[in-house]
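Single-structure report; data block below.
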Amino acid sequence: MTTTINATGTPTRQTQQRERPSRGKKLLKMNWIGGSLGWIWLVIVIVPLYWIVITSFKTQANYFLTNSFEPPSHPTLDNYQTVLDNDIIRYFLNSVVVTLGATVPAVVISFMAAFAIVRGVGNRWLRWINNMFLTGLAIPLQAVIIPIYLIIIRLKLYDSLLAIILPSIAFAIPLSVLVLRNFIRDVPRELFESMHMDGATEWGILWRLAFPLTRPALVTVTIYNGLAIWNGFLLPLVLTQSPEQRTIPLALVNLTGQFGVNFPAIAASVTLTTLPIVVLYALGRRQLLSGLTAGFGK
Amino acid sequence: MTALAPPAATGGRIHPRGGRSGVTWMALPALLMFLAFGLVPLVGVLLLSFTTWDGIGQIHPSGLTSWRNALADPELPHSLFVTFEIMIISWLVQTPISILIGVFLAAFKRYRGFLAVLYFIPLLLSSAAISLTFKALIDPNFGIGEGLGISWLKQNWLGQPRLAMGVLIFIVSWQYIPFHALIYQGAVRQIPTQLYEASKIDGATGLRQFFSITLPQIKYTIITSSTLMVVGSLTFFDLIYVLTNGGPGDATRALALEMYKKGFMANLMGPASAIAIILVLVGLLLAQVLRRLGGRGDESQLEGM
């Protein structure tokens, strides 16, 4: 899921694309297998999504009578009402609290750490910290979930949103530091130095120089972490118990269990809980692009 | 996420002048958070594997009891087998398709942005939502098989071991092929055009170009993508938990799920910690093997991305 980071495309890659306009045709000619696969796969990606959306607008009676892929003749919003009646707003707010509460601090402290690692190059401690974060990339969350559970119990945080937030922050740090560090490293050293000459503190340089210059990377890292935390399942599953503390993915599983064979209601709950991410992604993409130009147009 | 190979710690370029020293404290918040909820738990899981704990009461040190318990359980080799089964089959399915689609996307000009946006959608959804969608979609009584009146779709997909494994692999591919295709797309765009032009003058066909230029040129990307696939497959949890919960029987009970069941269902935290250690070791081992295969042991695996 490092996708967002790659797919946003670094500025270097974009210029490279522009330099070679001619290759496209050549590759396209030879690659009819890939071409047809590309379209077939697109259909495979779209079909389940299409199905879940149209099903969410069918009545339960209608669902069993009509062709699965036929859109409903009389779309209904009843299923969405059913989902809303089942406390989905609360789960939604829980997810918002957890996602914001974990993503924002994680990105801010990762950014500070990345800045320190770049600015303090040669410092023994910072090198050690950097290596530790790199090692951290290899630790799967599943493998350490038992001690995390123990720590959360001992901190008396079990069954609270904070219990999900704290480990989420920790596990967002390694990759965020790696990406931000690589980005800050590309900022010309002279800019830092001249600001330093002008009497700015490192803290000031961090926020007034490094922050605006690394905005595209910050947006990318924020989106990536936000997504991972929003969709997180294991931490809420293990660290919470009561229905009031559920986040969306966990609530979704419980809700669908409750709905049984009311497939339109299941479809509505999946659609409703997914919609905000798709909308945010659509908005984030645009901001991502403007971030790119803002950061490098100077 | 956790699916990354540990890149070699080559550190940064070494600057002739040392860096500023007044910045070290800025790394402290991240360091403390990561120590508390990342590194301490890693040490903790090792320590817990030498104890007996039911998840609620007191923790008793018990030497090798938990390890003996974990290793004697026939579910452990079985779940290892299932894990490798998922890993190998999903790699075999995903890699060729991802490469072909990636090459296609790299060359394709019109609608490419539009296509990339659609390819992205599966990556936005939670594994829980994806599992629930497919579970409903292939339901033998109320799914599309019934709705379309196609009898071969009406099978009990999640009730038979072979079929359940097939469905799992399919969903994994559905979720991740677009991602890997986009990695390959980026890699193919980096190949110098001159290589294709030169080979064309020499009379190479498209197929020949694909095998003699494209594939060798994206070798490191294949290693990177494979590392992400292989190491990532070790941590499939949400998907299996929601889709089959390891069933039917124990046909899809992979290592991470086995650990969860042992620890949080059977309340055997000691043996579950031992399984967690095995999970970490298998992951590190695989990452190392793939890195050696790449023949660039000293450089970052992330480079190909």
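Computed quantities for the displayed model
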{"quantity": "Counted residues, the range A:165-203 - those being at pLDDT 90 or above and among the hydroxyl-bearing types (Ser, Thr, Tyr)", "calculated": "2"}
{"quantity": "Count - residues of the range B:191-244 that are closer than 24 Å to B:LEU286 by Cβ and aliphatic (A, V, I, L, M)", "calculated": "12"}
{"quantity": "Unique match (being farther than 21 Å from B:ALA106 by Cβ and within 30 Å of the chain's Cα centre (by Cα)) among B:LEU215, B:LEU228, B:LEU234", "calculated": "B:LEU234"}
{"quantity": "Condition met for B:VAL188 (more than 9 Å from chain A (Cβ to nearest Cβ) and either touching a strand residue (DSSP E or B) at 6+ places or on another chain (Cβ under 8 Å) or among the hydrophobic types (A, V, I, L, M, F, W, C) (or both))", "calculated": "no"}
{"quantity": "The range A:126-141, residues that are out of contact with any helix residue (DSSP H, G or I) (no Cβ under 6 Å at 6 or more places or on another chain), over 29 Å from B:PHE236 (Cβ atoms) and either among the charged types (D, E, K, R) or crowded, with 19+ Cβ neighbours inside 10 Å (or both)", "calculated": "A:ARG127"}
{"quantity": "Filtered residues of the range A:260-270 (kept if over 16 Å from B:LEU243 (Cα atoms) and more than 9 Å from chain B (Cβ to nearest Cβ))", "calculated": "A:ASN262, A:PRO264, A:ALA265, A:ALA268"}
{"quantity": "Selection within the range A:39-77 - among the hydrophobic types (A, V, I, L, M, F, W, C), in a helix (DSSP H, G or I) and at the interface with another protein chain (Cβ under 8 Å from one of its Cβ atoms)", "calculated": "A:TRP41, A:LEU42, A:ILE44, A:VAL45, A:ILE46, A:LEU49, A:TRP51, A:ILE52, A:PHE64"}
{"quantity": "Qualifying residue in the range B:212-232 (condition: crowded, with 19+ Cβ neighbours inside 10 Å, more than 10 Å from chain A (Cβ to nearest Cβ) and part of a loop (DSSP other than H, G, I, E, B))", "calculated": "yes"}
{"quantity": "Options B:LEU118, B:LEU92, B:LEU123: the member that is under 28 Å from A:GLY226 (Cα atoms), within 20 Å of the chain's Cα centre (by Cα) and surrounded by fewer than 23 Cβ atoms within 10 Å (Cβ to Cβ)", "calculated": "B:LEU123"}
{"quantity": "Tally, over the range A:113-153, of residues that are among the hydroxyl-bearing types (Ser, Thr, Tyr) and in contact with a Pro (Cβ under 8 Å, 6 or more places away or on another chain)", "calculated": "1"}
{"quantity": "Positions within the range B:234-291 being β-branched (Val, Ile, Thr), closer than 28 Å to B:GLY159 by Cα and within 7 Å of chain A (Cβ to nearest Cβ), in sequence order", "calculated": "B:THR235, B:VAL242"}
{"quantity": "Test result for B:GLN185, part of a helix (DSSP H, G or I) and in contact with a Gly (Cβ under 9 Å, 6 or more places away or on another chain)", "calculated": "yes"}
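Residues are listed down the side, and each one gets a yes or a no for (1) crowded, with 20+ Cβ neighbours inside 10 Å; (2) within 7 Å of chain B (Cβ to nearest Cβ); (3) among the β-branched types (Val, Ile, Thr); (4) closer than 30 Å to A:PRO216 by Cβ:
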{"residue": "A:ARG124", "(1), (2), (3), (4)": "no, no, no, no"}
{"residue": "A:ALA143", "(1), (2), (3), (4)": "yes, yes, no, no"}
{"residue": "A:ARG154", "(1), (2), (3), (4)": "no, no, no, no"}
{"residue": "A:ILE164", "(1), (2), (3), (4)": "yes, no, yes, yes"}
{"residue": "A:ILE169", "(1), (2), (3), (4)": "yes, yes, yes, yes"}
{"residue": "A:SER176", "(1), (2), (3), (4)": "yes, no, no, yes"}
{"residue": "A:PHE183", "(1), (2), (3), (4)": "yes, no, no, yes"}
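The values are calculated or read from the model by the stated rules, or taken from the named source; none is laboratory data. Keep in mind it's a predicted model, so treat the numbers as computed, not measured. Positions of Cβ are generated from backbone atoms using ideal geometry, with glycine treated the same way; all protein chains shown enter the neighbour counts.
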